[in-house]
Each structure stands twice: as structure tokens, then as C-alpha cells.
Amino acid sequence: MSERYEVPPERLGRWLDRWAAGHEPVERTEIRPGRVTFVGAGGAVDCDPPFPPLAATGVHEGFDAAPLLEHASRERVVGVLLVRLGGHAVGVFSGRRLVASKVGRRQVHGRHRAGGSSQQRFARRREGQARVALEAAADVAAGVLLEYRLDLDAVVLGGDRRALTEVLEDARLRPLRPLVAERVLDVPDPRLKVLEGTPDLFRATVLLPRA
């Protein structure tokens, strides 16, 4: 399994300096819109920054981490939508600071293992509960995020992909769809503490060393 590191901006410079020291001489820096690659003696490291594209692109001789560090550390206003069946958390961050949030839960029963008509009734009941839960998540997302839509640089999603897709189909959230980041956060049951920890995830640069 290949190595993979998710490093927040506060630690990114130190991580890259250590890598460069261990792979001297660093021959070149390749800057593409969605990836920066450093090529050194005996190896390379691919760096996928948050919120691409990078403004500056091209190939530079030697080790030039400045464009990546500047991009990764830029202060942004980011909306976060976390959804799993039965739970949702929505917030707006300015940098790492949570400026608005709302968290909610709706009961959705687990799957019924028995067969026959009782299973069918249970399945219909569960589908109804899931629909109500996702509608509640869309209501909260609209209430929290749309107020900041003119300030948002991006919207980050986390949780269950199918549930997120259904929530985003709500017509009220159409203005937010162009802002949705490609990377979906892998988070547990959405709660306030989980929401508060998401900047460590959505601000991170994904580092993929290779020989």
C-alpha cells in the first residue's frame, strides 16, 4: 500500500523541508493546476493541495515550495455539509474559525432482517424516515449556507455520498453546487465536535511519496 499523508498548512513547510533534505539534490518542481510534484534524488513526492487550481503553474529548477505553501495557507471562507442517515452538521468557517453552525439528528432505523410482509412494512417505514432525515439536512444546509453564499470560496462535503447527493438535489442548494469541492471527507456520525475538527481535513494537502 502506498504511503499517504494529509498535512495541514501549519505543518506542510516543515514536512517538505524534511523530505527535501532527505532527497538532495531536488532536481525540479513541477506545478500543475491540481498537483505539485517535487523530484529529487531517489524519489519524488506528489502534493495534491486543497481547493485547486493553483494560480502559478510550470516547471522550476530545484526545490520551490513557495507557490504550494502560499496556496495551502490562504485564508478561505468554507461551507461544510456533513450528512449520514439520521444525522447532519452544517457550518461556515473563516479560516479555522467556525462562524455559523447547526447540527441535527433524525431517527432512521437499521435494516430489518426478517422476511415477509413485516420486512416490507419496515422497509417502507425506514424509507420514510430516511426521506424526512434528508429533507431536514437540506433545510439546515439552506438555512446556514445560503446566508453566506456570496462570501463562500468553497463548499466541502463529508459523510455518506448517496445521502449527500440527495441533499444537494434540493433546488434551494443549486447556487452552491458550483462551489462543491471534489474531495469528500470521511467522517463519523456528524456531531458538533466532528464539524469543529473538519478544518484539519479540508485544509490539508495530500502527500504521496514515491520511489
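The values are calculated or read from the model by the stated rules, or taken from the named source; none is laboratory data. For clarity, every value in this text was computed on a predicted model and none was experimentally measured. Cβ sites come from the backbone with ideal geometry, for glycine too, and all protein chains shown count toward neighbours. Accessible surface areas use protein heavy atoms only, side chains included; no ligands, DNA or RNA. Shrake-Rupley method; radii C 1.70, N 1.55, O 1.52, S 1.80 Å.
Taking the empirical scaling 2.2 N^0.38 Å for compact globular proteins as reference, the stretch 25-90 has a Cα radius of gyration ratio of 1.49.
Converting phi to 3J(HN,Hα) with the Karplus coefficients 6.51, -1.76 and 1.60 and the offset θ = phi - 60°, the stretch 184-196 yields 9, 6, 8, 10, x, 3, x, 9, 4, 4, 5, 4, 4 Hz in sequence order, with x at every glycine or proline.
Computed 3J(HN,Hα) for the stretch 168-175, one whole-Hz value per residue from the Karplus formula 6.51 cos²θ - 1.76 cosθ + 1.60 where θ = phi - 60°, is 5, 6, 4, 4, 5, 8, 3, x, glycine and proline marked x. Residues in the chain average 55 Å² of solvent-accessible surface per residue, probe 1.4 Å, ligands and nucleic acids excluded. In this simple spin-label model, placing a label point 7 Å from the Cα along the Cα-to-Cβ direction at both Glu3 and Ala211 gives a separation of 1.2 nm. Per residue, the convex hull around the alpha carbon atoms of the chain comes to 131 Å³. Longest stretch of the chain clear of exposed loop sites (trypsin sites (Lys or Arg not before Pro), DSSP loop, at most 12 other Cβ atoms within 10 Å, sites excluded): 5-110.
Computed from backbone phi, the HN-Hα couplings of the stretch 3-8 come to 6, 8, 10, 10, 10, x Hz, rounded to whole numbers (Karplus: 6.51 cos²θ - 1.76 cosθ + 1.60, θ = phi - 60°; Gly and Pro given as x).
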